[in-house]
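The next block holds one structure in the form of structure tokens; read it before the comments.
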Amino acid sequence: MKKIALFPGSFDPLTNGHVDTIRRAAKLFDEVVIAVLTNTSKVSLFTAEEKKTLIETSLESIENTRVIAHTGGLTVELAKELGAVAMIRGMRNTSDFDYEYSIASMNKLQTNDIETVILLADEHYRFLSSSLIKEVAKFGGDVSSLVPMVVNKAIIEKYKHQK
Ligand code: ADP
């Protein structure tokens, strides 16, 4: 049976840290489905559709990946609908540990069938977060080495229009 993993996140925007996690997960599973989740309590820079397109373009070279946009509902339910056996998350530091541990424990309570697989962030990307990228890019800082090329272009465009 095909082993599918779900990688849920906000991806506002996708960073090279996310891409590294996806690349590594794609080696462990037959297919990795990246789900752009809309978090209603967070204001996002990119729309779900924009994020989806940016991720698809950035992941063109990783064949066994697919991107979907998803709003509402429990993430474990989405995982079940997709026939996923695992959910992928990344971990950069101890704050991530506390956060991810809570989510994984809550998800485990919802269903026993889906495992959370946590991949430790590569040392090059441990400091990297979507919010930090936005913070720097907003004031004209160069983030080109930290995000895929299309994402870099899209951020520059976004902030140009927001001025
Ligand atoms: P969420 O709002 O669900 O935390 P994010 O897009 O911020 O969505 O992150 C999605 C997942 O990717 C999380 O598990 C997060 O810990 C992980 N992640 C974020 N940045 C990195 C990074 N630089 N390296 C590895 N994993 C990361």
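The values are calculated or read from the model by the stated rules, or taken from the named source; none is laboratory data. Because the structure is a prediction, the values reported are computed rather than measured. Every residue, glycine among them, receives a Cβ derived from its backbone with ideal geometry; neighbour counts consider all protein chains shown. Ligands, DNA and RNA are stripped out before the accessible areas are found, and what is left, the full protein with its side chains, is counted by its heavy atoms. Shrake-Rupley method; radii C 1.70, N 1.55, O 1.52, S 1.80 Å.
Looking at (1) within 15 Å of Leu28 (Cβ to Cβ); (2) within 12 Å of the ligand (Cβ to nearest atom); (3) not basic (Lys, Arg), can you tell me which one Ile62 breaks?
(2)
Can you say whether Phe97 is under 22 Å from Ala25 (Cα atoms), open to solvent by 90 Å² or more (accessible area, probe 1.4 Å) and without any contact (Cβ under 8 Å) to a residue 40 or more places away in the chain, as far as the supplied structure shows?
yes
Examine segment 132-149 for a residue that is open to solvent by 50 Å² or more (accessible area, probe 1.4 Å), of a type outside the set (Phe, Trp, Tyr) and within 12 Å of the ligand (Cβ to nearest atom), and state whether such a residue exists.
yes
Report, ordered by the first and then the second residue, all pairs with beta carbons closer than 7 Å, sequence separation of six or more or different chains, a first member in segment 135-157 that is farther than 19 Å from Leu59 by Cα, and a second member that is surrounded by 13 or more Cβ atoms within 10 Å (Cβ to Cβ).
Val136/Val143; Ala137/Val143; Ala137/Ile155; Ala137/Tyr159; Lys138/Tyr159
With the checklist (1) within 17 Å of Val147 (Cα to Cα); (2) open to solvent by less than 10 Å² (accessible area, probe 1.4 Å); (3) β-branched (Val, Ile, Thr); (4) outside any helix (DSSP H, G or I) in hand, flag the one item Ile22 doesn't pass.
Answer for Ile22: the failing condition is (4).
This table checks each residue for (1) open to solvent by less than 20 Å² (accessible area, probe 1.4 Å); (2) more than 12 Å from the chain's Cα centre (by Cα); (3) at pLDDT 95 or above.
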{"site": "Gly9", "(1), (2), (3)": "yes, no, yes"}
{"site": "Thr15", "(1), (2), (3)": "yes, no, yes"}
{"site": "Phe29", "(1), (2), (3)": "no, yes, yes"}
{"site": "Leu37", "(1), (2), (3)": "no, no, yes"}
{"site": "Phe46", "(1), (2), (3)": "yes, yes, yes"}
{"site": "Glu49", "(1), (2), (3)": "no, yes, yes"}
{"site": "Thr53", "(1), (2), (3)": "no, yes, yes"}
